[in-house]
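Please treat every number below as a calculation from the coordinates, not as lab data. Keep in mind it's a predicted model, so treat the numbers as computed, not measured. Ideal geometry is used to build each Cβ from the backbone, glycine not excepted, and the neighbour counts take in all protein chains shown.
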Amino acid sequence: MQSFVYTASSSRIVFGSNSIDRLPEELERLGLKRTLVLCTPGQRDQAMAVADRLAGRVAGIFDGATMHVPIEVAHKAQEAARALGADSALAVGGGSTVGLGKAIALESGLPVIAVPTTYAGSEATPIYGITEAGVKRTGRDPRVLPRVVIYDPRLSLSLPMGLTVTSTINAMAHAAEGLYAHDGNPVIALMAEEGLRACATALEPLRQNPQDLAARTQALYGAWLCGTVLGAVSMGLHHKLCHTLGGSFDLPHSDVHTAILAHAMQYNAAAAPQAMARIARALGVEDAAFGIHELGRIQGATMSLRDIGMPADGLDRAADLAAANPYPNPRPLERDALRRMLERAYRGQPPAD
Ligand code: NAD
């Protein structure tokens with residue numbers, strides 16, 4: 001066995017159906033008395049229902065969370081936390097809302113409590129991102145890692161089916177790349193494989209019945225594992241490419257992950273055969289990259305970059321950006337091969353060399 005370094009996450013995880021009932025005692029345990037509840041405008045009712053459980057402990061509600069944490073929104077939320085004398089931020093929502101909680105923590109050091117309602121996994125990482133003048137700056141800071149995460153699958157029952165599929169594949173991307181990370185370790189690999197299995201097996205029952213609580217529970221369990229992988233080890237081509245495409249062409253986060261993942265895996269497949277074998281085993285398929293593509297296609301996801309708003313004349317620039325600033329990846333970044341890969345993703349074709 002190779003040597004490795006493993007730092008376990010210090011988050012406390014409270015998982016299960018109706019675990020939201022335990023939120024008051026979790027705040028009590030942390031000595032928190034005035035939390036600022038965060039949400040998007042569309043999830044205000046859901047966040048209010050959570051706040052209603054916290055009689056006397058809510059400083060206010062800020063419902064302005066939006067994708068990629070624009071700095072103006074971060075400033076407004078930070079100001080609201082100050083003005084209301086909040087002692088913590090309680091994020092009820094997906095990666096955008098958790099991201100806003102992290103922006104508050106980064107500036108003020110206030111603890112974040114997360115109640116995730118998608119499968120993006122941000123709540124399991126010390127990674128923050130703030131967008132200024134169209135550029136998203138990301139970094140790691142232990143202060144932004146939520147102190148407690150309440151994973152209650154009932155809160156994800158309302159997640160629309162399209163987003164359910166792409167968000168689950170977004171989670172799977174963390175685990176897939178975690179399996180070939182240059183700084184990976186055997187504990188994280190176990191989590192990654194189990195996370196992939198849980199996510200993959202949740203999707204078919206959810207397609208048949210989006211209200212299937214057992215399947216929602218599986219998906220959320222998988223999302224936690226995959227998010228933990230994202231927080232623990234370095235990501236490669238797939239995440240860098242999605243970051244570039246999302247930021248440069250303003251494409252929706254989980255849709256980009258869904259359109260790219262199979263192609264990024266194919267690009268790396270020959271250079272990471274053990275990772276591919278584990279991914280294929282988790283999915284119960286012969287070929288990992290093709291299996292991911294089929295999973296998304298069968299679940300009705302949009303598999304083409306074109307259909308999620310990528311301009312054809314942006315492909316060259318995307319390939320240039322992807323090949324610039326090299327970072328650790330199983331296969332070296334070759335501009336022309338990346339350009340061919342992007343062309344296939346643009347057309348929604350299955351992955352190929
Ligand atoms: P999101 O948080 O933007 O949510 C998408 C939409 O779905 C929003 O309108 C939201 O209100 C709605 N929604 C969420 N849960 C719902 C539910 N249960 N019922 C009904 N509607 C619901 O999307 P996301 O994919 O979760 O997060 C994407 C963002 O998170 C991106 O900015 C991405 O960069 C970031 N992210 C960060 C990390 C990290 O570690 N820092 C990890 C993953 C994602």
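Quick one: length gained pulling Ala8 to Arg331 fully straight, 0.36 nm per residue minus the C-alpha distance?
113.5 nm
Per DSSP helix of 4 or more residues, -39500 (n - 2.57); summed, then divided by the residues of the chain. What does that give at 222 nm, rounded to the nearest 500?
-16000 deg cm²/dmol
Give a residue-ordered list of calculated ³J(HN,Hα) values for segment 324-336 (Karplus: 6.51 cos²θ - 1.76 cosθ + 1.60, θ = phi - 60°; whole Hz; x for Gly, Pro).
Running phi through 6.51 cos²θ - 1.76 cosθ + 1.60 with θ = phi - 60° gives 6, 6, x, 9, x, 7, x, 10, x, 7, 10, 3, 5 Hz.
Normalising by the residue count of segment 1-137, find the relative contact order in percent from Cα pairs under 8 Å and 6+ residues apart.
22 percent
Return Thr258, Thr168 ranked ascending by Cβ neighbour count within 10 Å, so the fewest neighbours appear first.
Listed from fewest to most nearby Cβ atoms, that is Thr258, Thr168.
At a threshold of 8 angstrom on Cα-Cα distance, excluding pairs fewer than six apart, so keeping six or more, what relative contact order does segment 93-244 reach in percent?
RCO, segment 93-244: 26 percent.
With the Cα gyration tensor of segment 228-303 giving a ≥ b ≥ c as the square roots of its eigenvalues, does the rule (a/c under 1.5 for rounded; else a/b larger than b/c for prolate; else oblate) give rounded, prolate or oblate?
The shape class here is oblate.
At what distance in angstrom do the alpha carbon centres of segment 46-123 and segment 275-353 lie from each other?
If you average the Cα positions of each part, the centres end up 33 Å apart.
Can you give me the angle between helix 186-208 and the longest principal axis of the chain, using Cα atoms only, in degrees from 0 to 90, rounded to the nearest 10?
The answer is roughly 90 degrees.
Taking only Cα atoms and a 10 Å spring cutoff, compute GNM fluctuations for the chain and point out the largest among Thr302, Thr228, Thr164.
Evaluated over the chain, the most mobile residue of the options is Thr302.
Please say if segment 200-252 is rounded, prolate or oblate, where rounded means a/c under 1.5 for a ≥ b ≥ c the square roots of the C-alpha gyration tensor eigenvalues, and otherwise the choice is prolate for a/b larger than b/c and oblate otherwise?
oblate
I'd like the orientation of helix 161-178 relative to the chain: the angle between its Cα long axis and the longest Cα principal axis, in ° from 0 to 90, rounded to 10.
For helix 161-178, the angle is close to 70 degrees.
Can you give the extra length, in nm with one decimal, that the chain gains between Gln274 and Met67 once fully stretched, where that is 0.36 nm per residue apart less the Cα-Cα distance?
71.0 nm
About the Cα centre, and with charges only on the beta carbon of Lys, Arg (+1) and Asp, Glu (-1), how big is the dipole of segment 1-67? Nearest 20 debye, please.
Dipole size: approximately 180 debye.
Under the rule of at least 5 residues apart or a separate chain, name every residue whose amide H is placed under 5 Å from the amide H of Phe62.
Long-range HN contacts for Phe62: Val37, Leu38, Cys39.
Answer rounded, prolate or oblate for segment 91-140, using the Cα gyration tensor with square roots of eigenvalues a ≥ b ≥ c: rounded when a/c is under 1.5, else prolate when a/b is larger than b/c, else oblate.
oblate
Could you state the angle between the C-alpha long axis of helix 237-249 and the longest principal axis of the C-alpha atoms of the chain, as a value from 0 to 90 degrees rounded to the nearest 10?
70 degrees
Taking 45 Å as R0, compute the FRET efficiency from the Cβ-Cβ separation of Leu84 and Val187 and round it to 0.05.
For R0 = 45 Å, the calculated efficiency reads 0.65.
What are the ³J(HN,Hα) couplings of segment 304-315, residue after residue, when phi is run through the Karplus curve with 6.51, -1.76, 1.60 and θ = phi - 60°? Round to Hz, x for glycine and proline.
The phi angles translate into 10, 4, 4, 6, 10, x, 6, x, 4, 7, x, 5 Hz.
Within the chain, count lysine pairs with alpha carbon atoms under 21 angstrom apart where the residues are 8 or more positions apart or belong to different chains.
6
Please give the length that would be gained between Arg339 and Ala324 if that part of the chain were fully extended, namely 0.36 nm times their separation in residues minus their C-alpha to C-alpha distance (nm, one decimal).
That works out to 4.1 nm of additional length.
Mind ranking 69-76, 330-337 by how tightly packed they are, going by the mean number of other C-beta atoms within 10 angstrom, highest first?
Peptide ranking by packing, descending: 69-76, 330-337.
For the chain, what's the relative contact order in percent, using C-alpha pairs closer than 8 Å and at least 6 residues apart?
Once divided by the residue count of the chain, the mean separation gives 14 percent.
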